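Q: Below is one structure. I have some questions about it.
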Amino acid sequence: MSSTTLEPNPSRRGAHAGSASSGKLPGDAISTGPGPSFLRVLNSEFIKFRTLLSTLILLACTVLVVVGFGALSAWGTGQFAEEALRDPQAAASFAAQGGDLAVGVPTSGIAFAQLILGSLGVLLMSSEFSTGMARSTFAAVPKRTPAFVAKLLVVMLTAFVVTVVSVYLAGLLSLPILGNYDLKLDLASSQSVKMLLVNSVYVAAVAAIGMALGSLLRNSAGGIMSLVGLFFVAPIAFQLIPGDFFVQTRKYLPGNTVEPMTAVQHMPDTLEAWQAALVLGAWVVVPVVLAAVVLKKRDV
């Protein structure tokens, strides 16, 4: 009685060996290493992002807050302008602020938008570790960096788009309110477009910083408190503490870079527009690169 040994199909075995040796998975034309292609990783991160109920709630809250504060600011600006007609002191104060306060009405809620979307950036990364999802994510993407970059792109693009839409809606709602006080707001003017784009890029930058903090600290509460301290507590503390050092250093805080970039004319004791842009870029690049490096070296 003879026994027969079945060998695997040589052609199929060779095909698998070729795929493994090249470091590519079947169907991944642009993969550069083991694991799925970057486009698939990006799609996976976008699916995770849009299927979380908490994410949708935070995005909706951002729109409501920006639009609501825009309407409230339009009413307050109208009241201030009306008071200026009756009170010379108020008129002088109105003139000292440039007269055209209406252009800043749609972006009056940016301070709250940056807090919400910055916290969203923290949560998207810190939740990966608190829920244990990071183990499955990085098992699927062993290099880790593609997953980090994909999540960063999703967070920043979403923050930018949501801010653009929110600010534009705030401007549309403000038009009839300002019209009741004979104040004009041209949403198509160069200054309005500049305010819209610069503030949207700024909020996207804050979201990136938040995600970097969430990756470095791996703790939601710690990341959010660090974000609040950097953007809300530090500017106030630097303003209250006497001394030229704190006066000069305050200009380099990330939250103080928007005003120089959106000002019609350069204001004294502030950075130039290009300097403010470089400072904001540094505040984004340094923590993001540090987070990416630490993510590859630390255990999940």
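Q: Among the residues of the stretch 238-247, count how many are assigned to a helix (DSSP H, G or I) and either modelled with pLDDT under 85 or surrounded by fewer than 16 Cβ atoms within 10 Å (Cβ to Cβ) (or both).
A: Of the stretch 238-247, the ones assigned to a helix (DSSP H, G or I) are 238-240, 244-247.
Next, from what is left, pick out any that are either modelled with pLDDT under 85 or surrounded by fewer than 16 Cβ atoms within 10 Å (Cβ to Cβ) (or both): 239-240, 244-247.
Here the count works out to 6.
Q: Residue under question is Ser215, and the condition is that it be under 18 Å from the mean Cα position of the chain (by Cα) and assigned to a helix (DSSP H, G or I); does it hold?
A: When the stated conditions are applied, Ser215 passes them.
Q: Being within 26 Å of Leu39 (Cβ to Cβ), touching an Asp or Glu at 6+ places or on another chain (Cβ under 8 Å) and among the basic types (Lys, Arg) is the requirement here; does Lys143 meet it? Quick ask: steps written out before the conclusion?
A: Details: within 26 Å of Leu39 (Cβ to Cβ): yes; touching an Asp or Glu at 6+ places or on another chain (Cβ under 8 Å): no; among the basic types (Lys, Arg): yes.
No: the conditions fail for Lys143.
Q: Report yes if some residue within the stretch 11-20 is in contact with a helix residue (DSSP H, G or I) (Cβ under 9 Å, 6 or more places away or on another chain), assigned to a helix (DSSP H, G or I) and at pLDDT below 70; otherwise report no. Reasoning before the result, please.
A: We begin by selecting, within the stretch 11-20, every residue in contact with a helix residue (DSSP H, G or I) (Cβ under 9 Å, 6 or more places away or on another chain); these are none.
There is no residue in the stretch 11-20 that is in contact with a helix residue (DSSP H, G or I) (Cβ under 9 Å, 6 or more places away or on another chain), assigned to a helix (DSSP H, G or I) and at pLDDT below 70.
Q: Here's something else I'd like to know. Pairs only if they're at least six apart or on different chains, beta carbon under 9 angstrom, first in the stretch 226-246 and in contact (Cβ under 8 Å) with a residue 12 or more places away in the chain, second in a loop (DSSP other than H, G, I, E, B); list them, first residue then second.
A: Pairs that qualify, where the first residue is in contact (Cβ under 8 Å) with a residue 12 or more places away in the chain and the partner is in a loop (DSSP other than H, G, I, E, B), are Leu230/Leu253; Phe231/Leu253; Ala234/Leu253; Pro235/Leu253; Phe238/Leu253.
Q: Here's a follow-up. With respect to Pro287, determine if the residue is within 20 Å of Ala150 (Cα to Cα), surrounded by 18 or more Cβ atoms within 10 Å (Cβ to Cβ), out of contact with any Pro (no Cβ under 6 Å at 6 or more places or on another chain) and not hydrophobic (A, V, I, L, M, F, W, C). Break it down into steps so the answer makes sense when it comes.
A: Details: within 20 Å of Ala150 (Cα to Cα): yes; surrounded by 18 or more Cβ atoms within 10 Å (Cβ to Cβ): yes; out of contact with any Pro (no Cβ under 6 Å at 6 or more places or on another chain): yes; not hydrophobic (A, V, I, L, M, F, W, C): yes.
Yes: the conditions hold for Pro287.
Q: Right, another one. Let me spell it out: the conditions are (1) touching a helix residue (DSSP H, G or I) at 6+ places or on another chain (Cβ under 7 Å); (2) loosely packed, with under 14 Cβ neighbours inside 10 Å; (3) in a helix (DSSP H, G or I), and Phe231 meets all of them except one. Which number is the exception?
A: The failed condition is (2).
Q: Report the residue count in the stretch 254-284 for those that are of a type in the set (Ser, Thr, Tyr) and over 28 Å from Val149 (Cβ atoms).
A: Going residue by residue through the stretch 254-284, those that are of a type in the set (Ser, Thr, Tyr) are 257, 262, 270.
From the residues that got through so far, the ones that are over 28 Å from Val149 (Cβ atoms) too are 262, 270.
Count: 2.
Q: Then there is this: In contact (Cβ under 8 Å) with a residue 60 or more places away in the chain and of a type outside the set (Lys, Arg): is that true of Ala221 in this structure? Give the steps one after another, and end with the answer.
A: Details: in contact (Cβ under 8 Å) with a residue 60 or more places away in the chain: no; of a type outside the set (Lys, Arg): yes.
Taking the combined requirement at face value, the residue does not satisfy it.
Q: Can you pull out the residues in the stretch 248-291 that are among the aliphatic types (A, V, I, L, M), free of Cβ contacts under 8 Å to residues at least 24 places away in the same chain, assigned to a loop (DSSP other than H, G, I, E, B) and farther than 19 Å from Leu230 by Cα? Quick ask: steps written out before the conclusion?
A: Of the residues in the stretch 248-291, the ones among the aliphatic types (A, V, I, L, M) are 253, 258, 261, 263-264, 267, 271, 273, 276-280, 282, 284-286, 288-291.
Those left that are additionally free of Cβ contacts under 8 Å to residues at least 24 places away in the same chain: 253, 263, 267, 271, 273, 276-278, 282, 285-286, 289.
Retained after the next criterion (residues that are assigned to a loop (DSSP other than H, G, I, E, B)): 253, 263, 267, 271.
Once the filter is applied, which keeps residues that are among the aliphatic types (A, V, I, L, M), free of Cβ contacts under 8 Å to residues at least 24 places away in the same chain, assigned to a loop (DSSP other than H, G, I, E, B) and farther than 19 Å from Leu230 by Cα, the stretch 248-291 yields Ala263, Met267.
Q: Given the criterion surrounded by fewer than 23 Cβ atoms within 10 Å (Cβ to Cβ) and at positive phi, identify the matching residue among Arg144, Arg135.
A: Checking each option against the conditions leaves just Arg144.
Q: Another question, then. Under 9 Å between Cβ atoms, which residue pairs at least 6 apart in sequence (or on different chains) link something in the stretch 92-109 that is at pLDDT below 90 and in a helix (DSSP H, G or I) with a partner that is surrounded by fewer than 19 Cβ atoms within 10 Å (Cβ to Cβ) and hydroxyl-bearing (Ser, Thr, Tyr)?
A: Going by the 9 Å Cβ cut-off, the qualifying pairs are Val103/Ser189.
Q: Cβ-Cβ below 7 Å, separation at least six or inter-chain, first residue in the stretch 54-76 and farther than 17 Å from Gly171 by Cα, second modelled with pLDDT under 95 and of a type in the set (Phe, Trp, Tyr): which pairs?
A: Thr55/Phe49
The values are calculated or read from the model by the stated rules, or taken from the named source; none is laboratory data. Keep in mind it's a predicted model, so treat the numbers as computed, not measured. Methodologically, a virtual Cβ is constructed for each residue, glycine included, from the backbone with ideal geometry; neighbour enumeration extends over all protein chains shown.
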